[in-house]
Amino acid sequence: MSRTPRALAAVALSTAAVLAAPAAPAVAAARFTPGAPGAGDPYFPDMGNGGYDVAHYDIGVKYDPATKGIQAVTRVKARATQNLSRFDLDFLGPLKISSLKVDGRKASYQRTGAQELVITPPSGLRKNRTFTVTVAYSGVPQTVNDDALGTSGWIPTADGAVMLNQPIGAATVFPVNDHPSDKATYTFILSAPSELTTLANGDLRGKSTKGGWTTTRWDVRNPMASELSMFAIGKYDTISGRTKGGVPNLTATDRVQGVTAGDARKFHDQTAQVTDFEASLYGRYPFSSTGGIVVKAGVGYALETQGRPVYDLGRRPGSIPSGGLLAHELGHQWFGDAVSPARWADIWLNEGFATYSEWLYAEKFEGTPVQTSFDETYKAPADSALWKGKVADPGRDHIFDGLVYDRGAMAIHALRKRIGDRSFYRLLEAWPTAYRYGNASTADFVRFAARLSHRNLDAWAKTWLYSEGKPSL
């Protein structure tokens, strides 16, 4: 196509105007801004980070019994949710970094505050770009001891160690976006001397031995909150099988605990039974396998680590979890694990339903009606700590108190009485199905239950979730 002289003149004028115009300022630096150093949770302001969303963690750990320490490499695959000039990962304690790269290129970093690992990549990361952070490090991980929250993180045992991360322990072992709102899939590659067993969340995908060291690979294919990640190293006896419902089941008992072969089998079989029982109430089991680990770690609690809860029962040799405790931790697989809280203030949605799972188990297998469990709990005097505080906002130091567990379960039973059994049992399955592998808040739950039951639940929520004091019946 030819151009007329007039058109050519217009082009010339346009070109001259562009050349005469002042140069546009360099906007690259202004466009790229730091990600937030926290997830915005008022209970734990330093936990989590902003500016990106993690898709997958690949965590390789080699454990040395001689030093009680680890050599590790963690790869974090993430997507930028803004134009990032720099970003943070949570990384707590004395572990020494030997190398840090972003997309294979050396990146600068500094460690600030209690747990911030501040990373500046060689160039800005544009919004929606996928990138990989690779961190190599070593040392003896820190154990977190909090007067209100207990012990978490890396916990040495007589024959190895166990990683228990609720609520703030994951960052002691690997660099992480450590808040339940950023779930991801995981791969654990664990190496230890061959006389030791290595266990983790997920499914065993490979095992090899070379030069006296054994390496196992575990894949977690469903999204998991970092506080639910787990691995254990020590001398364990394991049993594998399937539940009657067809769910793969792997249980392990620490030899230091002194569990007999008969009790180990009972633990395995009862884990399967409870998994299937709860699936009949809450819908299909949400993960690729179930199970549990009995360990002697001295922490004095059980934890709903995803797909494979950990039970510390060191109070007496040979002990295994009760049916009620199994019902609690396995109930969490739907309530807390598959559906995780949007903020830590919403933890009653975890613990209230897990405690209610105990009540449902007691009714089914022990002949104790749920109403009886409610009545016994409700007997607590009006000045009891049970009635102090708000279920839906218990405060940082009370997220593991009876206010959340027992009063949370009572709130659920009061909801059942309000909406009737037909709607309630529909709710037990519909809620974890609707929010599976995601996060939800108290407000989300109240709205969901109201829509499902066609009831106004404002008075119930105000009385049982948002108010202090002993409700009248």
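Any read-out appearing in this document is the output of simple, stated calculations on the displayed coordinates, not a laboratory observation. The structure presented is a predicted model; accordingly, all values stated were derived computationally and were not measured. Cβ placement follows ideal geometry from the backbone for every residue including glycine, while neighbour counts extend to all protein chains displayed.
Near ALA55, the amide H atoms lying under 5 Å from its own belong to LYS77, ALA78, ARG79; only residues 5 or more places off or on other chains count, and H is placed 1.01 Å from N.
Under the criterion of Cα pairs below 8 Å and six or more residues apart, the relative contact order for segment 74-120 equals 42 percent.
Here the chain is treated as a sphere whose radius is the Kirkwood value from Cα pairs; by Stokes-Einstein at 25 °C and 0.890 mPa s it diffuses with a coefficient of 102 µm²/s. Neighbours of GLY69, meaning other residues whose beta-carbon lies under 13 angstrom from its beta-carbon, give a summed charge of +2 when Lys and Arg score +1 and Asp and Glu score -1. In summary, the lysines within cross-link reach of LYS390, defined as a Cα separation below 25 angstrom excluding same-chain residues under 8 places away, comprise LYS379, LYS417, LYS462, LYS470. The H on the amide N of GLY69, modeled in the peptide plane, is under 5 Å from the matching H of ASP64, each at least 5 residues off or on a different chain.
Order the peptides 205-214, 45-54 from the highest to the lowest mean number of other Cβ atoms within 10 Å of their residues.
Ranked by mean Cβ neighbours within 10 Å, highest first: 45-54, 205-214.
In terms of the Cα gyration tensor, with a ≥ b ≥ c the square roots of its eigenvalues, is segment 57-125 rounded because a/c is under 1.5, prolate because a/b exceeds b/c, or oblate? It comes out prolate by the Cα gyration axes. Label zone of GLN371 (point 7 Å out along Cα→Cβ, amide N under 16 Å): in segment 449-473 this covers 473.
Arrange the peptides 265-276, 240-251, 392-403 so that the one whose residues have, on average, the most other Cβ atoms within 10 Å appears first.
So the order, starting with the most tightly packed, is 265-276, 392-403, 240-251.
Projected label points at LYS244 and ASP103, each 7 Å from Cα along the beta carbon direction, are separated by 5.5 nanometres. Based on the convex hull around the alpha carbon atoms, segment 34-234 presents an average projected area of 10.9 nm². Relative contact order for segment 199-274: 22 percent, from Cα pairs under 8 Å spaced at least 6 residues apart, divided by residue count. Computed from the C-beta positions of ARG126 and TYR437 and an R0 of 30 Å, the FRET efficiency is 0.65 to the nearest 0.05. Taken over the Cα atoms of segment 341-466, the convex hull encloses 102 Å³ per residue.
Across q = 0.12, 0.17, 0.19, 0.20 Å⁻¹, segment 153-306 modelled as identical point scatterers on its alpha-carbon atoms has Debye log10 I(q)/I(0) values of -0.52, -1.08, -1.34, -1.46, in the order of the q list.
What FRET efficiency do you get for SER472 and ARG265 if R0 is 51 Å and r is their Cβ-Cβ distance, rounded to the nearest 0.05?
0.60
Take the Cα radius of gyration of segment 180-266 and divide it by 2.2 N^0.38 Å, N being the number of residues; the result is 1.20. As a length-normalised measure over Cα pairs under 8 Å and 6 or more apart, the relative contact order of the chain settles at 11 percent.
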